[in-house]
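Below you'll find the structure, written out as structure tokens, and then a few comments.
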Amino acid sequence: MTVERVSYLHENEIDEFMNDIQHTLQPGVEGDALQVRLAVALVRKNAIDDYLPTGDAISVMTLGDQPENVRLSFEQMNADCTCHSNGWCSHRLAVIFHLYSQFNSLNNWLHEWRRMESQQMTLSISARTPEAWIEVLARLTQSLRTIQTSENPGVFIHETSLIDQKAIPLIPFEWEWKPLFELYYRLHVLDAGWTYVQTHLGGQSSSFFYGKWYVQNWMTEQLGKLTDSVTAIGAKPKLFEADAFHERLKELVRAFALGNTGLFAERFRVYRLFWQSLFPNQAARDAELTILQQEQSEEAQILVAFFYLLQGRHDKLENLVDHVSVDNMAIWLPLADLAEGDDDLESLSIIMTALLPFIGDYVNHNLTLVNRPAFVRKIDGLFEAADFSEEARESLFAHYGESGIDVFADFLVERERFAEWAALMHRYGVSYDGAEAGGLKIALSTDPVAVMPLLHTYAMGFIKEKNRHSYRRAVKLFKKMKAGSKKGGKTDFWNQYIDTVREKNRRLRALMEEMEKGNLNL
């Protein structure tokens, strides 16, 4: 029998099967939703074989990865499958869907079936309690937790956009409750998608790909919306009915910060956003501190240190930093950033003193080459803000190697140590363009004699390229050296130097022409 014939003869029975499926399977239950998705995929791949009458039933073969035989009885209104699964398996569903799609729109049915989830959640969330919100939002965001980390980022972003659309009918009508619901929603979305996000953003890989940028933008957007909601709530008087919601928020934020892994700086940002903006009450902070002190993880200790920093308890902070090591150094850096931003220089000094012995090992063994320059600039800025001695800061540059060239160059220029600056440029073969973008102009105006050997090296390099454009660049350098020699009272030296250069390169006609135009003698 053809599928059209079976569908025509048993239209009413097929409708009954579809009604049973609609009321038995729930789109919010991941197992049910998975079976429906697999069944739809079988239908769209035409993986349903011929319909063969067998007594009072019809036998149908599904041609998926593991072919199965479905026996469909319209008299007894049941379906059996050789996969032996209980209830509606994807094979049974695929046969019914295939029959239904002959004279009906399967897409419309799927849309209506999925819409039931939003309606059910809207009814559930009508009870305005933290538990009702959490239960519904957990169901709404469950699909993010099941996305494989190997899945294309486009799939993840698409799924989050679908969840955003489903959340719209759930938003409370009263404007007073909207920011609070938004907080609950964004926390659930971030928590549900965290495994996927930190897998793509949390590694040390230096490779760039569009999907990584896509995920980064998504997380930045979520954190921005979270901040906006916290700001909105902070600007309004708190409703008495909202007390229970705020209490549960403390648990949710703590669970997000300590229950996930990777990207600690971002998790710490979320945690301190709530406790600095929404929960300024000292009693509430003391209660949270007591809970955190019972946790054993290193990250929990950072959160404890965060409260000590807020309370100005420097003696307690000094005791905590005794646990700093090269392995946990990275999670202390966000706290150092916070201390600097709050101008708490005493706390910053305590933290940076503890980090100091581990900086060299951390740079050379825990960071990729591409990430080292930015880290060196950041860490040196923290040491400077903590008012460390110049000797202590300078001693660290020996550990940085090439990664610290730009920062060390700025360090030397600020102190007008131009001879050492020039030696640094020469030692690491910094290009002329790099030196000019650094401190060359300042050096020429302050101590031109100190950089003469460096400029000579650059000029000789241009001449070796043996083209007119490079000769012109060499002559421009000679003009700068001429001006520096004049300023330093080195007229005789300069004339002797430039005459020697002419003599050694007299066969380079184009260079001689450019040098003649330059009027290089004093």
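Observations, loosely collected:
- Rotationally averaged projected area of the range 58-115 (alpha carbon convex hull; nm²): 4.7
- Note on the chain: dipole from Cβ charges, positive end direction compared against 321, 431, 227; the farthest Cα belongs to 431.
- Charge dipole magnitude, Cβ of K and R +1, D and E -1 - the range 397-520, Cα centre, debye nearest 20: 740
- Percent antiparallel among DSSP beta bridges (both partners in the chain, rounded to 5): 100
- At q = 0.17 Å⁻¹, base-10 log of I(q)/I(0) for the range 444-509 (Debye sum, equal scatterers on each alpha carbon): -0.58
- Proximal lysines to residue 466, defined as alpha-carbon separation beneath 24 angstrom and excluding residues fewer than eight positions away on the same chain: 476, 479, 480, 482, 504, 517
- Efficiency of FRET between residue 108 and residue 284 - r from beta-carbon atoms, R0 56 angstrom, step 0.05: 0.65
- Distance between the 7 Å Cα→Cβ label points at residue 390 and residue 327: 3.9 nm.
- Tensor-based shape of the range 226-266 (alpha-carbon gyration tensor, a/c under 1.5 rounded, otherwise prolate or oblate): oblate
- The residue among 368, 107, 488 whose Cα reaches farthest toward the positive pole of the charge dipole of the chain, with charges on the beta-carbon of Lys, Arg, Asp and Glu, is 488.
- Helix-only CD estimate at 222 nm, as mean residue ellipticity for the chain, using -39500 (n - 2.57) per DSSP H run (n ≥ 4): -22000 deg cm²/dmol
- Seen against the Cα atoms of the chain and their longest principal axis, helix 329-341 is set at about 70 degrees.
- Contour minus Cα-Cα distance for residue 504 and residue 522 (0.36 nm per residue): 4.5 nm
- Orientation-averaged projected area, Cα convex hull of the range 288-447 (nm²): 10.3
- Scaled to the globular estimate 2.2 N^0.38 Å, the Cα spread of the range 383-522, given as radius of gyration, is 1.20.
- Within straight-line cross-link reach of residue 490, aspartates and glutamates at Cα separation under 18 Å, skipping those fewer than 8 residues along the same chain: 447, 499
- If you model the range 128-286 as an ellipsoid using its alpha carbon gyration tensor, with each semi-axis the square root of five times an eigenvalue, the axes come out at 28, 18, 13 Å, biggest first.
- With contacts taken as Cα pairs under 8 Å and at least 6 residues apart, the chain reaches a relative contact order of 7 percent.
- Angle of helix 130-145 to the longest C-alpha principal axis of the chain, folded into 0 to 90 degrees and rounded to 10: 80°.
- Point-charge dipole on Cβ atoms (K/R +1, D/E -1) for the chain, about Cα centre, debye to 20: 3460
- Three-way shape label, the range 260-310, alpha-carbon gyration tensor, a/c 1.5: oblate
- Available extension along the chain between residue 11 and residue 247 is 79.5 nm, counting 0.36 nm per residue and deducting the alpha carbon span.
- Here the extension length gained between residue 464 and residue 220 equals 82.9 nm, from 0.36 nm per residue of separation less the Cα-Cα distance.
Rule-based calculations on the coordinates, nothing more; no lab input. The shown structure was predicted, so the numbers you read here are calculated from the model rather than taken from an experiment. Cβ atoms come from the backbone with ideal geometry, glycine included; neighbour counts cover every protein chain shown.
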